[in-house]
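Before any comments, here is the structure.
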């Protein structure tokens, strides 16, 4: 797994493999020689080959736990700062959080022309959540996996959720659906015309309203 005899290729493959939980089909021979019985079995994968055999319904446990954990860290941190915030000149963590909130709020005002109290909090959540995920890349790549291997016997661990296509695709689809929902809710069904014909609808308006040479 993570022994000193690993080749470069094995080392890279090991660090690209998620801690995966899924169903192995009946008759599958595992890396330790065990044979899965008829009907299959839900188990933790012992390598990339087993993870691949689990198919679409497999769950990347490490991605799920780290992303949920970082979401909890975000909620705890911002709630703690909000309780400590006072009038006057902010300092330390309060100042940093206020800068992030003002940045996201300004971006939302510039890009979303409508009135809704949920848009800015959603944008703030996504921004900080993704930021925390990417900050995990600053942790030495072998540190956490090695600790978990020694303490809990966990051999695979990817601690940067944003490197998992399932996480990024899931978040992208969620943001897209929320964008459509709130745009239609605030602007009405007419938003579909704006979405479908932009920028051609604006060109048509300019041609229609521009004065003719005779005027």
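The values are calculated or read from the model by the stated rules, or taken from the named source; none is laboratory data. Predicted model, so just to flag it, every value in this text is computed and none were measured. Cβ placement follows ideal geometry from the backbone for every residue including glycine, while neighbour counts extend to all protein chains displayed.
Does residue 8 meet the test of being free of Cβ contacts under 8 Å to residues at least 24 places away in the same chain, under 16 Å from residue 154 (Cα atoms) and not assigned by TED's automatic domain parsing to the domain that holds residue 131? No; evaluated as a whole, the condition is false for this residue. It is to be established whether one or more residues within the range 118-136 are outside any helix (DSSP H, G or I), in contact (Cβ under 8 Å) with a residue 60 or more places away in the chain and either in contact with a strand residue (DSSP E or B) (Cβ under 6 Å, 6 or more places away or on another chain) or not assigned by TED's automatic domain parsing to the domain that holds residue 6 (or both). Looking for residues that are outside any helix (DSSP H, G or I), in contact (Cβ under 8 Å) with a residue 60 or more places away in the chain and either in contact with a strand residue (DSSP E or B) (Cβ under 6 Å, 6 or more places away or on another chain) or not assigned by TED's automatic domain parsing to the domain that holds residue 6 (or both), one finds at least one in the range 118-136, hence yes. Taking the residues in the range 144-157 that are part of a helix (DSSP H, G or I) and over 17 Å from residue 16 (Cβ atoms) as candidates, determine which candidate is modelled with the lowest pLDDT. Checked the range 144-157; the qualifying residue modelled with the lowest pLDDT is 152.
The residue that is modelled with the highest pLDDT, among those in the range 1-27 that are surrounded by 11 or more Cβ atoms within 10 Å (Cβ to Cβ) and over 26 Å from residue 64 (Cα atoms), is 26. The set of residues from the range 148-162 being under 29 Å from residue 126 (Cα atoms) and either in contact (Cβ under 8 Å) with a residue 24 or more places away in the chain or surrounded by fewer than 17 Cβ atoms within 10 Å (Cβ to Cβ) (or both) comprises 156, 157, 158, 159, 160, 161, 162. Scanning the range 158-175 for residues that are assigned to a helix (DSSP H, G or I) and in contact with a strand residue (DSSP E or B) (Cβ under 7 Å, 6 or more places away or on another chain) turns up just one, 166.
Condition test on residue 165, is it more than 14 Å from residue 67 (Cα to Cα) and surrounded by fewer than 17 Cβ atoms within 10 Å (Cβ to Cβ)? When the stated conditions are applied, residue 165 does not pass them.
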